[in-house]
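K.L.:
Take this structure, written in structure tokens, and hold onto it; I'll ask about it next.
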Ligand SMILES: [Ca+2]
Ligand SMILES: [Ca+2]
């Protein structure tokens, strides 16, 4: 069923047309199409369910509103696996490969100094490892729908208190996304997106509400096709 697959290039083109920018600018710097069923060998804590498998993800920084937004498509309906969590690791300039020191040692190339934890019930928190704080997210920012988890319009102030070592420009922060079952050991982490790397944020200088909706539609198409491929 390879003809149903959409390539990273295809997503980039989709995003490009949605954003009205050249493919070279869109590239893969802020969005990733992640492999289907690429469960980590170290993931032994739970089932290889589709809601533990990232298909696509993207993130934005709105420089005008000074807000961050994140979105992902999973391979199956969010909420399928009890205890599933979706975690965006964010590197604001003091990120380290924190999972390397864990057991089992995983996540080479995945740098973060804070995490955005989102639950299928629409609640979540921002945990800042540098400042040692945990801040519940306003549920109004979290949207769960079908295969999609979205966190919209998080204020810069939440992610970037005045802390030494953080990058001066929040547009230069990077991220990685991983589903996991509970917040214990590394064998609960099922997938990284992207694999072994961080991505940047698409920076939108002028707020355009339709942009995000169009990208989500594109990501939804990816998810739908992946889902069909899975069933086929
Ligand atoms: Ca995946
Ligand atoms: Ca992956």
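K.L.:
Which is away from ligand 2 (no atom under 13 Å from the Cβ), modelled with pLDDT of 95 or more and surrounded by fewer than 22 Cβ atoms within 10 Å (Cβ to Cβ), of 22, 45? Outline the logic, then answer.
P.N.:
Working: 22 fails: modelled with pLDDT of 95 or more.
Result: 45 is the single residue among 22, 45 that is away from ligand 2 (no atom under 13 Å from the Cβ), modelled with pLDDT of 95 or more and surrounded by fewer than 22 Cβ atoms within 10 Å (Cβ to Cβ).
Matching residues to (1) away from ligand 2 (no atom under 16 Å from the Cβ); (2) touching a residue at least 60 places away in the same chain (Cβ under 8 Å); (3) surrounded by fewer than 20 Cβ atoms within 10 Å (Cβ to Cβ):
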position: 124; (1), (2), (3): yes, no, no
position: 130; (1), (2), (3): yes, no, yes
position: 148; (1), (2), (3): yes, yes, yes
position: 173; (1), (2), (3): yes, yes, no
position: 176; (1), (2), (3): no, yes, no
position: 191; (1), (2), (3): no, yes, no
position: 195; (1), (2), (3): no, yes, yes
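K.L.:
Condition test on residue 161, is it within 16 Å of ligand 1 (Cβ to nearest atom) and either in a strand (DSSP E or B) or surrounded by fewer than 19 Cβ atoms within 10 Å (Cβ to Cβ) (or both)?
P.N.:
No: the conditions fail for residue 161.
Okay, residues lined up against (1) in a loop (DSSP other than H, G, I, E, B); (2) touching a residue at least 24 places away in the same chain (Cβ under 8 Å); (3) within 17 Å of residue 193 (Cα to Cα); (4) over 13 Å from the mean Cα position of the chain (by Cα):
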| position | (1), (2), (3), (4) |
| --- | --- |
| 42 | yes, yes, yes, yes |
| 45 | yes, yes, no, yes |
| 55 | no, yes, yes, no |
| 60 | no, yes, yes, no |
| 65 | yes, yes, no, yes |
| 68 | no, yes, no, no |
| 73 | no, yes, yes, no |
| 77 | yes, yes, no, yes |
| 80 | yes, yes, no, yes |
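K.L.:
If you go through region 168-197, how many residues are assigned to a strand (DSSP E or B) and in contact with a helix residue (DSSP H, G or I) (Cβ under 8 Å, 6 or more places away or on another chain)?
P.N.:
Within region 168-197, residues that are assigned to a strand (DSSP E or B) and in contact with a helix residue (DSSP H, G or I) (Cβ under 8 Å, 6 or more places away or on another chain) number 4.
K.L.:
In addition: Does region 49-61 contain any residue that is within 16 Å of ligand 2 (Cβ to nearest atom), crowded, with 16+ Cβ neighbours inside 10 Å, more than 26 Å from residue 201 (Cβ to Cβ) and modelled with pLDDT of 95 or more?
P.N.:
Checked region 49-61: at least one residue is within 16 Å of ligand 2 (Cβ to nearest atom), crowded, with 16+ Cβ neighbours inside 10 Å, more than 26 Å from residue 201 (Cβ to Cβ) and modelled with pLDDT of 95 or more.
The values are calculated or read from the model by the stated rules, or taken from the named source; none is laboratory data. Please read all numbers here as calculations on a predicted model, not as lab measurements. Because the Cβ atoms are built from the backbone with ideal geometry, glycine has one as well, and the counts that use them run over all protein chains shown.
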